[in-house]
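Structure record follows, encoded as structure tokens.
The values are calculated or read from the model by the stated rules, or taken from the named source; none is laboratory data. The structure presented is a predicted model; accordingly, all values stated were derived computationally and were not measured. For the accessible areas, the whole protein counts, side chains as well, though only heavy atoms, and no ligand, DNA or RNA atoms are used. Shrake-Rupley method; radii C 1.70, N 1.55, O 1.52, S 1.80 Å.
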Amino acid sequence: MKRDVAVYAGLACGCLATLTMARLVEPNPAGYGTHRQLGLPPCLFRTITGLPCPSCGLTTCFAHAARWDWDRALAAQPFGVLLFVGFGIAIPLLGWLSWRGVPIEKTADWVTRTPVLGTFLLCYLAGWSWKLYFG
């Protein structure tokens, strides 16, 4: 039980830290590249291929979403908007799961055995397709 609480707390803290960092960085006007402000290198995929990578624009999207600029967030990475909202929902949800004493294994089993994971991956690929076509 203590391990489950620690895992839920760690996940919630990770979500909160991500949302906080999104507010602290300035969105790159190019629609991608905001991650460089975090000390990360340029995207190797984009450097080699000239094409956006599957995660292209996520940091920029989060930075716009953290400022409630949903139009620019959507333009930067449509999947990122869904992910940003999911992170916001996850924080109280993880607290509730911890409070209710739901074993982490039960939660992980639910995520992997229901359409949640497959839907997540399809949305991720759809976001990449959007970036390939429009941006």
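Per the 1.4 Å probe, what fraction of the accessible area of the chain, in percent, lies on carbon and sulfur atoms?
On the way: 6050 of 8530 Å².
Carbon and sulfur atoms account for 71 percent of the accessible area of the chain.
Convert each backbone phi in the stretch 99-114 into a coupling constant with the Karplus relation 6.51 cos²θ - 1.76 cosθ + 1.60 (shift: θ = phi - 60°), then list the ³J(HN,Hα) values in order as whole Hz, x for Gly and Pro.
Running phi through 6.51 cos²θ - 1.76 cosθ + 1.60 with θ = phi - 60° gives 4, 7, x, 6, x, 4, 4, 5, 5, 4, 5, 4, 5, 7, 9, 10 Hz.
Over the stretch 46-135, with the other protein chains present, what is the accessible area per residue in square angstrom, probe 1.4 angstrom?
On the way: 5510 Å² over 90 residues.
Here the residues of the stretch 46-135 average 61 Å² of exposed surface.
Provide, for q = 0.09, 0.13 Å⁻¹, the log10 of I(q)/I(0) from a solvent-free Debye sum over equal Cα point scatterers in the chain.
-0.31, -0.62
For helix 2-24, what angle does its Cα long axis make with the longest principal axis of the chain, in degrees from 0 to 90 and rounded to 10?
30
Expected output is a single nm value to one decimal: the length gained when fully extending between PHE134 and MET1, i.e. 0.36 nm times separation in residues minus the C-alpha distance. What is it?
Length gained between PHE134 and MET1: 43.2 nm.
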